[in-house]
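These notes concern the structure reproduced below.
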Amino acid sequence: SNSSTCVFGYRVIFSIYKIDETRPFAANLGDDFTAPLINLKAWITLENCDDGNIALQNETGKSNQLWRFIRQIDGSYKICSCYDGRCADLDMASFENGTNIKICESNDDDAQRWYLYETEGAYAIQSKKSGKFIDVEDGNLIRGTNIQAWEWNGTDAQIFAVYLGDECKLGEVVLSAEAGNETVTFNS
């Protein structure tokens with residue numbers, strides 16, 4: 001809940017967050033870092049797909065499988081694709097199980113804020129908005145499976161590895177430039 005009070009003639013706004021006693025404090029992995037998100041059991045990467053959705057895909061080392069984590073003042077993270085800067089977003093800010101997690105332009109809504117909780121040597125990722133967790137649809141740990149939000153169930157579908165630092169390298173750098181009607185592509 002939000003409250004305000006008057007201190008020395010200035011209005012001060014503050015928020016009070018209830019901590020769920022069944023979960024530990026959210027992990028602090030740093031203020032701004034990049035890392036892939038990999039389902040721990042299947043070892044398949046979360047990918048920003050061409051259709052604006054997030055799904056499991058085989059690791060390619062390209063920027064659409066690399067995520068920028070930007071820590072917010074409340075300890076949550078905004079998780080943005082290194083491919084196009086768009087962010088992991090709880091579709092329509094819904095509280096329902098099975099809500100799609102998609103890619104949207106960055107905004108200030110809590111539907112784009114995520115808490116990371118350490119579990120089983122990896123992380124469970126919880127929506128600040130709904131309290132639901134990033135989950136692989138139907139627990140189907142194969143390439144192409146959609147990513148959704150679901151209440152905590154502790155299954156393999158909700159456990160993800162986050163790799164920081166030197167382990168996180170792009171496999172291929174591609175630069176495209178348009179000149180008139182032609183596109184020139186440079187690969188590293």
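Screening Val136 with (1) β-branched (Val, Ile, Thr); (2) crowded, with 22+ Cβ neighbours inside 10 Å; (3) within 20 Å of Phe33 (Cα to Cα) gives one miss only, at (3). Annotation: Leu56 fulfils all but one of (1) part of a loop (DSSP other than H, G, I, E, B); (2) within 24 Å of Lys129 (Cβ to Cβ); the unmet one is (1).
Residues in segment 34-53 that are touching a Ser or Thr at 6+ places or on another chain (Cβ under 7 Å) and part of a loop (DSSP other than H, G, I, E, B): Pro36 alone. No other residue among Cys6, Cys87 is of a type outside the set (D, E, K, R) and either modelled with pLDDT of 95 or more or touching a His at 6+ places or on another chain (Cβ under 9 Å) (or both) apart from Cys87. Scanning segment 59-93 for residues that are among the hydroxyl-bearing types (Ser, Thr, Tyr) and either free of Cβ contacts under 8 Å to residues at least 40 places away in the same chain or assigned to a strand (DSSP E or B) (or both) yields a count of 3. Number of residues in segment 44-100 that are under 25 Å from Asp31 (Cα atoms), polar (S, T, N, Q), touching a helix residue (DSSP H, G or I) at 6+ places or on another chain (Cβ under 7 Å) and open to solvent by 20 Å² or more (accessible area, probe 1.4 Å) equals 0.
Considered as a group, the residues in segment 139-160 that are more than 20 Å from Ser81 (Cα to Cα) and of a type in the set (A, V, I, L, M) include one that is surrounded by the most Cβ atoms within 10 Å (Cβ to Cβ), and that residue is Ala157. For segment 104-125, a residue qualifies if it is among the polar types (S, T, N, Q), modelled with pLDDT of 95 or more and under 12 Å from Phe25 (Cα atoms), but none of them does.
A quick yes/no check of all residues on (1) in contact (Cβ under 8 Å) with a residue 24 or more places away in the chain; (2) part of a loop (DSSP other than H, G, I, E, B):
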{"residue": "Asn107", "(1), (2)": "no, yes"}
{"residue": "Ala111", "(1), (2)": "no, no"}
{"residue": "Glu118", "(1), (2)": "yes, no"}
{"residue": "Ala124", "(1), (2)": "yes, no"}
{"residue": "Gln148", "(1), (2)": "yes, no"}
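The test for being open to solvent by 20 Å² or more (accessible area, probe 1.4 Å) and modelled with pLDDT under 95 holds for Tyr163. Of all residues in segment 31-43 being more than 18 Å from Gly121 (Cβ to Cβ) and in contact (Cβ under 8 Å) with a residue 40 or more places away in the chain, which is most open to solvent (accessible area, probe 1.4 Å)? Among residues in segment 31-43 that are more than 18 Å from Gly121 (Cβ to Cβ) and in contact (Cβ under 8 Å) with a residue 40 or more places away in the chain, the one most open to solvent (accessible area, probe 1.4 Å) is Asp31.
The values are calculated or read from the model by the stated rules, or taken from the named source; none is laboratory data. Remember, predicted model here, so these are calculated numbers, not experimental data. Positions of Cβ are generated from backbone atoms using ideal geometry, with glycine treated the same way; all protein chains shown enter the neighbour counts. With ligands, DNA and RNA removed, areas are computed over all heavy atoms of the protein, side chains included. Shrake-Rupley method; radii C 1.70, N 1.55, O 1.52, S 1.80 Å.
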